[in-house]
Amino acid sequence: MNKILVVAKKEMKGIIKTKSQMLVGLFFALWFSVMTAPVVKTVEESAVFVQFNNLLFYFVLMLGIFMAYLFSGRVFFNEKREGIIETLLCTPLSLRQIWSGKVVGVTIPAYLISLLTAALMTILGNIFSTSMLLPSPAIALHIFLVVPAFIAAAVGLLGFGHSLLGMRENQIINLLIFGALFGALAFTKNIMKGDFAVSWMAVGVLLIIAVLLLMLTVYLTRYLSRERIVTSIP
Amino acid sequence: MIEVQNLTKTFNGKTVLKDISFEVKEGEIFGYLGPNGAGKTTTMRIILGLLNPTSGNAFVMGQNLGENEELRNKVGVLLEDDGVYDRLSAYENLDYYAQLYGLSDGVERKRRIEELLESVGLSDRRNDKVGRFSKGMRRKLALARAISHEPEVLFLDEPSSGLDPEAQIMVRELVLQLSAEMGVTIFLNSHDLDEVQRICTKIAILQSGEIKAHDTVKNLRDKTGRPRVEITLSDSKAAEKALNILNSLHFVSDCERDDSRIAAVIRDEKSSTILSVLMRNGIVVEEIKRVTKSLEDVYLDIVREGSKQNE
């Protein structure tokens, strides 16, 4: 098996076996889905479809990024804190292979939880609405392309930060990211009030941002070195 | 097999390794000794390619490990940290690393893992999560991991740390077996002088980033260890009298009395000369024996000497 996949498989296994994190993921998937119900029930018939797609647009993305943040901490941060990374750096894998394996290993479960959220939101939305609710083509593109790309970019950037920085800097950054995530959630919710409807343009812009972030992440890995990682182990 | 040439490493203006050089030949068990903070781990990290030297070179099989990922397939590593995953079972840990080291054949990998678990006495705990293991069990598993891919060179950092005496013997035997039967070259970082004395063919003593001694254990003892005698007298009064006499002898130095026992360093003369001098003075000697300097004595002499020089 490709060594990147070996690392990815091990990370996925580790995440799935961490019950507390999986429960947090499942809880948020369910909570976000349940939040859809009152919206589709109370909103006017003509606006139901738009509101449903708006909710899918930001809940699925936000939860994906939140899960990426949660899982990255375990995979990158803890491995460094416990010193295991040093042994891993002695294996015949390049730094990029290790990093890529971990990014894939975190992205897949985080994305699966996002998908689960989208599925639950659709099911619950249809239960509480009189209209048939399905994601619009733009939202489908968002869910199947933009969301995984954003999750991968978020994991990559977080992994880069965890690998490059010391423990204290990482803890500060973790707090900032946590705050930023909630800030973004509130900000997006405000923007989407009123007549806002997710357009191809919005999805396209997000896709471009995601691709640029991914490119930036891959570029940044050039600055990772074994020495930098080892000397920042506590 | 391992060559370190004029290695210097500086961190933020502080030099932690100063122009060190040594060589480890194929099949040798090389003990790398030194007090905490002497630079042992830094040396090992540079050889392993985890740190870049400020100047000098470190080669394994003639190549730089930091620049050759394939070469790492031939190198096994047991660092201070066990490098095992708490959430995985013993079997899963070994399986993961075996795959990373290229053991792709599932059947062969399974056979090898079973064999390793058996050899470190963890067969019956194969499916238990490592998080539930004791420190000693983790260490044994980490050792099994380090040799899972049958490396040609093995780097061990305090392999017996946290192990009970029985397990320490097991590790020692395993290391000797790897060297004798498979010709594995072993680089051993250790504080355990007894362990080093028992298994290492050659040692280097590092202090404050400098190599203070580098030779075989026997040669180091012969070179640095002046002959010592231990004299047991009938009582403390006789010992006091004997001490005064010994202090007056030109070929005796460093006399130390502990109740009725005296330890002293002698030069050139035989211990029988001391015996006859004491007997001539009417002192009854119950026992006199020549004591060979242990590696611990040699180590402490070198380290203390080094500390004095640094002051």
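Work out the FRET efficiency for A:Arg168 and B:Asn36 from their Cβ-Cβ distance, taking R0 = 22 Å, and round it to the nearest 0.05.
Working: r = 24 Å, r/R0 = 1.07.
Here the calculated transfer efficiency is 0.40.
Which order results if A:Trp200, A:Trp99 are arranged by neighbouring Cβ count within 10 Å, fewest first?
On the way: A:Trp200 12, A:Trp99 23.
Ranked by crowding around the Cβ, least crowded first: A:Trp200, A:Trp99.
Once you average over the residues of B:64-77, how many Cβ atoms of partner chains fall within 10 Å of each Cβ?
Mean partner-chain Cβ count within 10 Å for B:64-77: 2.
On alpha carbon coordinates alone, what is the Rg over Rh value for the protein assembly as shown, Rh being the Kirkwood radius? Provide the component values of the computation, followed by the final result.
Values: Rg = 32.2 Å, Rh = 27.6 Å.
Rg divided by Rh gives 1.17.
Rounded to the nearest 500 deg cm²/dmol, what is the calculated helix-only ellipticity per residue at 222 nm for chain A, with -39500 (n - 2.57) per DSSP H run of length n ≥ 4? Intermediate results must be reported in sequence, preceding the final value.
On the way: 10 runs with 179 residues, N = 234.
Mean residue ellipticity, 222 nm, calculated: -26000 deg cm²/dmol.
Could I have the simple spin-label model distance between B:Arg267 and A:Ser131, label points 7 Å from Cα toward Cβ, reported in nm to one decimal?
In this crude label model, B:Arg267 to A:Ser131 measures out at 10.5 nm.
Can you give me the angle between helix A:147-164 and the longest principal axis of chain A, using Cα atoms only, in degrees from 0 to 90, rounded to the nearest 10?
Taking Cα atoms only, the helix is inclined about 30 degrees.
Which FRET efficiency, nearest 0.05, do A:Leu115 and A:Leu176 yield, Cβ-Cβ r, R0 25 Å?
Working: r = 28 Å, r/R0 = 1.12.
In this case the efficiency is close to 0.35.
Evaluate the distance, in nm, between pseudo-label points positioned 7 Å from the Cα of B:His250 and of B:Asp124 along their respective Cα→Cβ axes.
For the pair B:His250/B:Asp124, the computed spacing is 6.8 nm.
Which shape class, rounded, prolate or oblate, goes with segment A:3-231 when its Cα gyration tensor gives a ≥ b ≥ c as root eigenvalues, a/c under 1.5 marks rounded, and past that a/b bigger than b/c marks prolate? Mind dumping the intermediate values first?
Numbers: a/c = 2.33, a/b = 2.07, b/c = 1.13.
Prolate is the answer for segment A:3-231, as a/c is 1.5 or above and a/b outweighs b/c.
Using a Gaussian network model on chain A with a 10 Å cutoff between Cα atoms, which of A:Leu115, A:Leu23, A:Leu165 fluctuates the most?
Fluctuation is largest for A:Leu23.
With the Cα gyration tensor of segment B:33-81 giving a ≥ b ≥ c as the square roots of its eigenvalues, does the rule (a/c under 1.5 for rounded; else a/b larger than b/c for prolate; else oblate) give rounded, prolate or oblate?
On the way: a/c = 2.37, a/b = 1.42, b/c = 1.67.
The shape class here is oblate.
Report the dimensions of segment B:1-59 along its three principal axes from the alpha-carbon atoms, largest first, rounded to Å.
Sorted from largest, the Cα extents of segment B:1-59 read 37, 23, 18 Å.
Determine the shielding of peptide B:94-101 by partner chains: average, over its residues, the number of Cβ atoms on other chains within 10 angstrom of each Cβ.
Working: counts 0, 2, 8, 5, 1, 8, 11, 4.
Whole-number average of other-chain Cβ neighbours for B:94-101 is 5.
How much FRET efficiency would the formula 1/(1 + (r/R0)^6) give for B:Asp258 and B:Arg111, where r is the Cβ-Cβ distance and R0 is 56 Å, rounded to 0.05?
Details: r = 57 Å, r/R0 = 1.02.
The calculated FRET efficiency here is 0.45.
Against the empirical 2.2 N^0.38 Å scaling, what ratio does the C-alpha Rg of chain B come to?
Values: Rg = 24.1 Å, N = 311, 2.2 N^0.38 = 19.5 Å.
With N residues counted in chain B, Rg over 2.2 N^0.38 Å equals 1.24.
Using only the alpha-carbon atoms, how far is helix A:95-128 inclined from the longest principal axis of chain A? Give it as 0 to 90 degrees, nearest 10.
It works out to around 20 degrees.
Using a ≥ b ≥ c from the Cα gyration tensor of segment B:64-121 (square roots of the eigenvalues), is it rounded, prolate or oblate, where a/c under 1.5 gives rounded and otherwise the larger of a/b and b/c decides, a/b for prolate?
Values: a/c = 1.97, a/b = 1.35, b/c = 1.46.
Oblate is the answer for segment B:64-121, as a/c is 1.5 or above yet b/c matches or exceeds a/b.
By the scheme Lys and Arg +1, Asp and Glu -1, what is the net charge of all other residues having a beta-carbon under 12 Å from that of A:Pro92? Don't skip to the end; give the middle numbers.
Working: positive: A:Lys3, B:Arg72, B:Lys74; negative: B:Glu69, B:Glu70.
Result for the local shell: +1.
Give me the log10 of I(q) over I(0) for segment B:130-235 at q = 0.13, 0.18, 0.21 Å⁻¹, as the Debye formula computes it from C-alpha points; what are the numbers?
Per q value, in the given order, log10 I(q)/I(0) is -0.60, -0.96, -1.17.
Quick one: if you stick a label point 7 Å off each Cα along the C-beta vector at A:Met215 and A:Val34, how many nm between them?
4.3
With contacts defined as alpha carbon pairs under 8 Å and 6 or more residues apart, what's the relative contact order of chain B in percent? Working shown, then result.
Values: 558 pairs, mean separation 60.6, N = 311.
Reported as a whole number, the value is 19 percent.
Provide B:Glu28, B:Glu108, A:Glu44 in ascending order of the number of other Cβ atoms located within 10 Å of each residue's Cβ, fewest first. Don't skip to the answer; put the middle values down first.
Values: B:Glu28 20, B:Glu108 11, A:Glu44 7.
Sorted ascending by nearby Cβ count, the order is A:Glu44, B:Glu108, B:Glu28.
With an 8 Å Cα cut-off and a minimum separation of 6 or more residues, compute the relative contact order for segment B:142-290 in percent.
Numbers: 182 pairs, mean separation 25.9, N = 149.
Averaging sequence separation for qualifying contacts and normalising by length gives 17 percent for segment B:142-290.
No lab work stands behind these numbers, since they all come straight from the coordinates. Note that the coordinates shown come from a computational prediction; the quantities given were computed from them, not determined experimentally. Reconstructed Cβ throughout: ideal geometry from the backbone, glycine too, with neighbour counts over all protein chains shown.
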